[in-house]
Each structure stands twice: as C-alpha cells, then as structure tokens.
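Structure, as structure tokens:
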Amino acid sequence: MKKVLIALVFLVILLIPLLYLYIKLPELARTKIEGALGRGFTIGKVRLAFASLEVSDIKYMPDDAKAETINIKSIRLYPRLSELLKKRIAIGRVDVESPKIYLVRFRDGRFNLPAFKSTGEEKPGMEVALKTIVINGGSLDFLDEKAGRIPFKLSLYDMKVSLGHLDEKEISFTIDSSIKGKTPGSGKIKGKGSKEKLSADVIINNFDLTLIMPYLKSGDVKPKAGSISMNSEVKYAAGFVNAPVDAKIKNLQLETSQGIKRQFLGASTQAITELIKKKGEIHLKFRVYGPPKDLKNDIKEAMQREIAESLGRTLIAPGKEIEKTGKGIGKAVEDIGKELSRPFK
C-alpha cells in the first residue's frame, strides 16, 4: 500500500507541470500567433484539444480602413503528432469556418490585404508540411477601383474551397460558390497542377452580364439585363493559357445608343436584337489564350460566326475593344490570384 501511495504522489508531481502547461499553452499560443500575424490582426480564443488546435475570431483591419478586411469565425488545425519524432511538423488538415474577405484593388494597383514581412534570415529548424485546407461558408466581396470610372463589384457567397496534396509538387483544388447579381449565379472550378502546369474545369451558371460594365470600353453598348452561362477546360503550361469556352447568353437587353458605334461584343445591336428574336439566346464558342498578363480572345469572331450562320449575314466588326476588355478582366484576375496566394509562398 505504501508503494502505491508513493507512486500516486510521484504521478501527481509529474502531472502538475503538464496540467499547468495545458492551461497556459492556449494563451501562449495566442500571443505567438498575434505576433506572427503582425499589425492590424486580432484573434479571440485559442482552444487546445487532444488532436487539434482551434483559433477563433481572427480579424484584420488596417489602420486607415473603415471596415474589416478579413473576418474568420475559426481555424482548426489537426497536427500529426507522430511526425514530431521525425523532427517534422505535419498538419494533416486545416478547417477554416466562415471566412469573410473584403478585397479592394485601388486605382494605383495596390490591394488592401496585409503584407506579411519576413522576420529576417531563416534559421534551420523543423520542417513544416501542410496536407489539406478546407474552407466552408466563405464569402468574398471584391471592389476593383482600377476597372474604370465606375468600380467593378463582385460578391461571392456560400463558398466551399478545398485544397489538397499541398505537401506534394502537384496540388488539387475545388472552388464552389454562389454569385450575387440581378439573377443569382453560381460557379465551380475543379483542377490540379503546379506553378508550371495546371488544368481545370470551369463551369459558370447565370452570371449577371451587367456586372462587367466597368470593364467595357466607351464604344460598347452596355447591357441592361442578361446572363451568361459557360464551361471551359482551362489549361496552363509554359506561361501560356489555352481555354476553349462554350457559352450561352440569355435574356439580353441592351441600352439604346445614339452614337456611331452601336456594338456589343463586336457586333451591331441591330443584328444581336434580330438574333435574339429568332433563337431566344446567343450561343458562342470562342477561345481565351495567351500569357496571363496579356490574355486575348476571339469572342468577336465567334459572335460574327453565330450571326452569319443564324441570319445569313456577314459582319465586319471593330476588333480592338473586345481584346482590351479581355485584358482588363484577365489582369484583374491575375492580380487577385497573386495577392491571395502571397501568404502561402
């Protein structure tokens, strides 16, 4: 009996510092995380469970901002403790719950996202590996002041994002989202690849055409209503994008124009009106191609083919305006991609 009591006392003596560490560790982690994130970031609670670490209420608000740029309900990490024996920190999965991002591209090209700065020379330490990130219930509000006199606005909600195989050369990704507009839309992207080579299936349903008005040039008639649905198999390799697109435009209504240039997507509004009356929709097959910084498309030729085949009429339409519009949207997408991927580099 005496030996049992001694063993119990010895066990309690061992457990006391472990219990203290268990109680204090979340607060220590909270201080370290806030310090690593930098100025403008605040976090709520840090909870430590047997096989996970949860950080809640992550917020980022720049000093000169009027609203929060980032607001995340919680992030839960699931580390693989067995990997510590190999001097390796391995996180099997990260769950991000209800992140809200308000993204702005200013007229000078800057974004309102935080700048994660290096603390100096990297010191050799434990290898860190991340396998999977899953995002649920996310939303993204994007304001592009650089688009033109009228800013471009886009709101995505009910976002579900999955990034897999992050510890391998070729990752997989799925993005599923609803799109706000006069007509509710949706989009899905599923693919795999690396920085050098990538392929993805892109499906967009009922995207509100009035949203692209800021990117249209002065010679284009603006759409009052209408939606576009499209699908594409996008491939990127050797710095070149190749994306054949199959698209359908429905319920299109154009603004009346008294100017000389009364075109939309490279065709006259009169021919488009006749085409809609005859078929009820516009079916276009075109291609987006080129380096990401200088994307081109042949949508005006696709519009001319559709009108020629459906109305028996050959059109000669202006060619530069559509190309410029494509470049503007392409550059915006590329800039957003760079900003959102910057923290993971």
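The numbers here are math on the coordinates, done by the rules we state, and not lab data. Treat the numbers as computed from the prediction; the structure is a model and nothing was measured. No Cβ is skipped: glycine too gets one built from the backbone with ideal geometry, and neighbour counts run over all protein chains shown.
The figures follow:
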{"quantity": "Gain on full stretching of the segment that runs from residue 273 to residue 59 - 0.36 nm per residue minus C-alpha separation", "calculated": "72.1 nm"}
{"quantity": "Backbone N within the stretch 182-211 under 14 Å of label point (7 Å from residue 248 Cα along the Cβ vector)", "calculated": "204-207"}
{"quantity": "Around residue 170: net Lys/Arg minus Asp/Glu count, Cβ-Cβ under 9 Å", "calculated": "+2"}
{"quantity": "Sites residue 283 and residue 199, calculated FRET efficiency, Cβ-Cβ separation with R0 30 Å, nearest 0.05", "calculated": "0.75"}
{"quantity": "Principal axis dimensions, the stretch 133-266 - Cα atoms, whole angstrom, descending", "calculated": "58, 34, 28"}
